[in-house]
Amino acid sequence: MVVGTAERHIQIFDLRNPNTPYKTMMSPVKWQTRIVSCFSPVTTNIGYALGNVEGRVAIHYIEDEDASGNFTFRCHRAEPSKDQAVVYPVNDISFHPIHGTFSTCGSDGCVNFWDKDVRTRLKTFNAPGPVSTTAFNRDGSMFAYAVSYDWHKGHSGMTQGHPNKVMLLACKDEEIQRRVMKR
């Protein structure tokens, strides 16, 4: 279990001994943590993905010997000009139960599917508003996402008629399965 706490601290617990933290560390990203999601060793070792308010995601492995696989990347952003970027919080990260790929969603209304092992985006689509949460079903054949105001602009951003929807998307394996690394 991985827990994001105040002041960018991360605590990792082995649930066989939940009274004592297995490891405590600082977050690999420098702004407030918004979401932590664990991944199991479908394709690689055990670790977690962490999303923050600055539109960044960090992939971090639990064990020190796997640290060479740790990385961060920018995702939920708009760049209207070369000198300017608009950043949106990452609201949720969900891992596919079969392929080990994952989705990110954000306040920009965008959903991205990623392959962490080859560090590439697999697919992207836009929703009619901020996407607050996502989930794959048990076998990974369906993807659900919620479109609703996520308070990223505070009270002033909440307007009448803002969409509140739960959407379903059938997952096509060729769009969300891992890519084969070319040598």
Among the numbered conditions (1) out of contact with any Pro (no Cβ under 9 Å at 6 or more places or on another chain); (2) surrounded by 18 or more Cβ atoms within 10 Å (Cβ to Cβ); (3) under 18 Å from Gly51 (Cα atoms), tell me where Ser107 comes up short.
(1)
Mind checking whether some residue in segment 23-30 is surrounded by 14 or more Cβ atoms within 10 Å (Cβ to Cβ), of a type outside the set (A, V, I, L, M) and part of a strand (DSSP E or B)?
no
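Conditions tested, residue by residue: (1) in contact with a Phe, Trp or Tyr (Cβ under 6 Å, 6 or more places away or on another chain); (2) more than 21 Å from Lys172 (Cβ to Cβ); (3) of a type outside the set (Ser, Thr, Tyr).
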residue: Ser40; (1), (2), (3): no, yes, no
residue: Tyr61; (1), (2), (3): no, yes, no
residue: Asn91; (1), (2), (3): no, yes, yes
residue: Asp117; (1), (2), (3): no, no, yes
Selection from segment 1-23 of residues that are of a type in the set (Asp, Glu) and on the phi < 0 side of the Ramachandran plot:
Asp14
Determine whether Ala146 is under 17 Å from Val90 (Cβ atoms), out of contact with any helix residue (DSSP H, G or I) (no Cβ under 8 Å at 6 or more places or on another chain) and at pLDDT 90 or above.
yes
Filter segment 34-69 down to the residues that are assigned to a loop (DSSP other than H, G, I, E, B), within 21 Å of Glu7 (Cα to Cα) and not hydrophobic (A, V, I, L, M, F, W, C) and list them by number.
Glu54, Gly55
Output for Cβ contacts, cut-off 6 Å, separation at least six or different chains, first residue of a type in the set (Ser, Thr, Tyr) in segment 68-82, second outside any loop (DSSP other than H, G, I, E, B), reads Thr72/Arg56; Thr72/Ala58
For segment 11-21, indicate whether the set of residues that are assigned to a strand (DSSP E or B), free of Cβ contacts under 8 Å to residues at least 12 places away in the same chain and surrounded by 14 or more Cβ atoms within 10 Å (Cβ to Cβ) is non-empty.
yes
Flag for Ile35 being over 15 Å from the mean Cα position of the chain (by Cα), of a type in the set (A, V, I, L, M, F, W, C) and closer than 16 Å to Ile93 by Cβ:
no
Scanning segment 75-120 for residues that are over 25 Å from Ser141 (Cα atoms), in contact with a Lys or Arg (Cβ under 8 Å, 6 or more places away or on another chain) and part of a strand (DSSP E or B), the one modelled with the highest pLDDT turns out to be Val87
Hey, can you tell me all the residues within segment 121-131 that are buried (at least 21 other Cβ atoms within 10 Å of the Cβ) and in a strand (DSSP E or B)?
Val131
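The values are calculated or read from the model by the stated rules, or taken from the named source; none is laboratory data. This is a predicted model, so every value here is computed, not measured. Cβ sites come from the backbone with ideal geometry, for glycine too, and all protein chains shown count toward neighbours.
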